[in-house]
Amino acid sequence: MLMPSILQAGGVKVKPLLLRSGHWFNISALNDIDIHTAVSILREQYAAWKKPAVSIVAQCERNPYKVLVSCIISLRTKDEVTAKASERLFARAENPADMAELSIDEIASLIYPAGFYRNKSEQINEISRRLVSDYGSTVPEEIDELLVFKGVGRKTANLVLTLGFGKQGICVDTHVHRICNRWGYISTKSPEESEKMLRKKLPAEYWIPINDLLVAFGQNICHPVSPRCTVCRLSGLCSRVGVTVSR
Ligand code: SF4
């Protein structure tokens, strides 16, 4: 069977793949139909995977304040540590008013050993105080207002919107950025750029669930270093851009 000519994808030459069925698959054209297939495969497997800690907090109770605080705790921290630290902290204070009563030292000792626990305890204290004084103890629903708070970046703000309020947003963290680029679905240099591209390209129905699915997928299969391509059910769709070592 003749191989179709080499195709151009974003200026990069890409070879079509020969599938087991004998058909050629153009990996440069991972389009909306393929993203539907990819998400449906991810959803089938999601139940068997370890879940991201912040998603567990959100699944227990849709509470924007808890999502915000647990997301701050989760930055550069393992999920097991985030889950336990969030549980200890929320057992003492689960709303801005109660949290504002705790000292920075108390918050630090409750979230220890989360990474940068001292800085995070200061951020949690300051955010809680501002929520009480300026927002009537409620978390604002607008991304621009959330971004004003110390320690709140686009990832955290989008997660509060999506998991906390169920509003449209795309939370692009390191997993979403890396995996969408490996697929060849986007070609970007930073999570911020990825968010912009995904806002243009990703079907709206996947904006909220994509973070949860890809964080779980990234932690279980498509690891940052040496992804498990041999057992990956998306290998037929994925162009493996930039993957040099896999297993
Ligand atoms: S084939 Fe490999 S690089 Fe592509 S999604 Fe699967 S694990 Fe990731």
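The values are calculated or read from the model by the stated rules, or taken from the named source; none is laboratory data. In this text, all values refer to a predicted model and were calculated from it rather than measured experimentally. Cβ coordinates were reconstructed from backbone atoms using ideal geometry, including for glycine residues, and neighbour counts include every protein chain displayed.
Observations on the model:
- Flag for VAL139 being within 13 Å of the chain's Cα centre (by Cα) and either modelled with pLDDT of 95 or more or more than 16 Å from the ligand (Cβ to nearest atom) (or both): no
- Some residue of the stretch 54-62 being touching a residue at least 60 places away in the same chain (Cβ under 8 Å) and among the small types (Gly, Ala, Ser): yes
- Residue pairs whose Cβ atoms lie under 6 Å apart, separated by 6 or more positions or on different chains, with the first residue in the stretch 222-236 and assigned to a helix (DSSP H, G or I) and the second near the ligand (Cβ under 8 Å from one of its atoms), are CYS229/SER235; CYS229/SER246.
- A search for C-beta distances below 8 Å between a residue of the stretch 175-191 that is within 15 Å of ASN220 (Cβ to Cβ) and in a loop (DSSP other than H, G, I, E, B) and any residue that is more than 14 Å from the ligand (Cβ to nearest atom) and not polar (S, T, N, Q), counting only pairs 6+ apart in sequence or on different chains, returns nothing.
- Residue list for the stretch 66-105, filter: of a type in the set (Ser, Thr, Tyr) and either touching a Lys or Arg at 6+ places or on another chain (Cβ under 9 Å) or not assigned by TED's automatic domain parsing to the domain that holds LYS120 (or both): THR77, SER86
- Of the set (1) in contact with a Lys or Arg (Cβ under 7 Å, 6 or more places away or on another chain); (2) more than 14 Å from ASP173 (Cα to Cα); (3) at pLDDT below 95, all apply to THR244 but (1).
This table checks each residue for (1) closer than 27 Å to ASN125 by Cα; (2) in contact with a helix residue (DSSP H, G or I) (Cβ under 8 Å, 6 or more places away or on another chain).
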site	(1), (2)
GLY153	yes, no
ALA157	yes, yes
LYS167	yes, yes
ILE179	no, yes
THR188	no, yes
SER194	no, yes
HIS223	no, no
LEU237	no, yes
VAL245	no, no
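- The set of residues in the stretch 202-238 that are of a type in the set (S, T, N, Q) and either on the phi > 0 side of the Ramachandran plot or more than 8 Å from the ligand (Cβ to nearest atom) (or both) comprises ASN211, GLN219, ASN220, SER226, THR230.
- As a summary of the residue check, LYS201 satisfies the conditions (1) loosely packed, with under 15 Cβ neighbours inside 10 Å; (2) in contact with a Pro (Cβ under 9 Å, 6 or more places away or on another chain) except for the one numbered (2).
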